[in-house]
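Student: What follows is a structure written as structure tokens; I'll ask about it next.
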């Protein structure tokens with residue numbers, strides 16, 4: 001086994017090399033002189049390599065402790081779960097499963113929150129023995145510092161970890177489920193929506209594999225058109241012009257009480273054709289594109305869409321049906337490919353000058369048509385990238 005003196009005496013060479021400390025823990029020395037901790041371990045029949053940080057930022061003692069925790073956490077995936085498995089060990093395994101679909105920055109932020117607020121008090125506890133009052137105490141300590149939204153996010157993340165623990169057999173209950181309404185309510189500055197590209201791709205993948213086709217089509221339609229939830233749920237077939245590839249929403253159903261035109265991408269046209277055939281084969285006679293499962297005379301309920309999004313593991317402050325709009329606004333603006341006027345007009349945001357609004361409506365239509373097709377292609381591309389990251393993470 002290595003000592004701190006041994007590590008300090010390791011000199012850089014022309015090529016990087018690794019020195020073993022034992023039990024799969026290695027320190028790597030790169031030509032520039034920096035030293036990094038690595039853990040090699042096996043999950044099932046696959047060999048894995050995991051970074052534990054840079055030396056001396058992560059000391060020898062800390063690296064050994066982290067290596068032990070990581071090896072125990074990996075036992076969850078192999079099904080050999082220690083009876084005293086801790087909350088932190090389950091959380092680390094959960095993070096590893098999620099990280100393949102996220103950017104490093106986003107994943108690091110999520111993990112840092114747990115290390116700051118939860119691990120110090122609950123990390124070393126057996127996950128089976130953590131109670132709702134203990135979890136509430138942690139969240140209320142965060143509230144006391146003024147970070148109310150963070151407290152809600154931590155509670156939601158803990159809930160996902162406990163539910164992961166239930167599915168893997170590490171624990172039997174989710175104490176966070178008993179804390180609904182226990183925290184101070186807060187008004188989010190923006191309606192919840194996913195805007196980080198890697199997470200957008202992950203969301204699109206969840207939607208593509210949602211088992212109920214009618215709801216899946218409604219979610220995809222929402223993502224591609226980024227219209228308001230009520231406008232999507234109450235959309236009627238008479239509003240669709242398949243030849244012109246347009247959806248004209250009547251003024252009476254628009255928030256701004258002005259007719260709104262939505263250019264439809266090839267993806268949306270294909271989706272609508274599938275939805276039409278689906279309803280016809282089911283013998284559903286309805287004016288609504290997305291009718292209620294119970295009656296063709298009513299549109300799909302808001303709760304149906306909400307529950308679908310929750311089934312993906314997103315909390316109320318992570319993603320909502322309205323969040324497809326903030327998602328589109330962020331991706332379109334950050335692409336720098338489209339004018340602000342075209343984006344705002346497509347979002348149907350209010351335009352105070354009626355003359356300018358009418359002028360833009362006609363002038364910007366060609367740009368909006370191209371923009372809507374680009375956006376649908378971009379969502380599909382982000383989904384494909386998410387699939388590749390997940391496959392790479394499992395390799």
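No value in this document is a laboratory result; all are computed from the given coordinates. Everything numeric in this text was worked out from a predicted model, so none of it was measured. Cβ coordinates were reconstructed from backbone atoms using ideal geometry, including for glycine residues, and neighbour counts include every protein chain displayed.
Student: Compute the distance in nm between two label points, each set 7 Å from the Cα along the Cα-to-Cβ direction, one at residue 252 and one at residue 213.
Tutor: 3.2
Student: Moving to a separate point now. For Cα Rg over 2.2 N^0.38 Å, which listed value, [x] 0.93; [y] 1.14; [z] 1.18, comes from the coordinates shown?
Tutor: Recomputing Cα Rg over 2.2 N^0.38 Å here gives the entry labelled [z].
Student: How are the C-alpha pair distances of segment 81-187 spread across 5 Å bins, as whole percents from the shortest bin up?
Tutor: Reading the bins upward from 0: 2, 12, 25, 25, 20, 12, 4, 0, 0.
Student: Give me 18, 371 ranked fewest to most by other Cβ atoms within 10 Å of their Cβ, as a rough exposure proxy.
Tutor: 18, 371
Student: On to the next question. To make sure I understand, if each residue's beta carbon is the centre and we count other beta carbons within 10 Å, what order do 332, 69 fall in, fewest to most?
Tutor: Least to most surrounded, the residues fall as 69, 332.
Student: If segment 197-394 were replaced by its equivalent ellipsoid, with semi-axes equal to the square roots of 5 times the Cα gyration tensor eigenvalues, what would those be, largest first, whole Å?
Tutor: They are 25, 23, 15 Å, listed largest first.
Student: If you fit an axis through the alpha-carbon atoms of helix 87-99 and take the longest principal axis of the Cα set of the chain, what angle between them do you get, 0 to 90°, nearest 10?
Tutor: Once rounded, one gets 50 degrees.
Student: Could you give the Stokes-Einstein D for segment 148-278 in µm² per second, using the C-alpha Kirkwood radius, 20 °C, 1.002 mPa s?
Tutor: 119
Student: Considering only 375, 314, 55, give the residue with the highest GNM mean-square fluctuation for the chain, with springs between Cα atoms whenever their separation is below 10 Å.
Tutor: Result: 55 has the largest fluctuation of those listed.
Student: Follow-up. Can you compute the FRET efficiency between residue 269 and residue 19 using 1/(1 + (r/R0)^6), with r the Cβ-Cβ distance and R0 = 56 Å? Round to the nearest 0.05.
Tutor: After rounding to 0.05, the efficiency reads 0.40.
Student: Follow-up question, since we're still on this one. So what's the angle, to the nearest 10 degrees on a 0 to 90 scale, between helix 354-363 and the longest Cα principal axis of the chain?
Tutor: 80
Student: In addition: Tell me the relative contact order for segment 81-187 as a rounded percent, counting alpha carbon contacts under 8 Å between residues six or more apart.
Tutor: For segment 81-187, the relative contact order is 31 percent.
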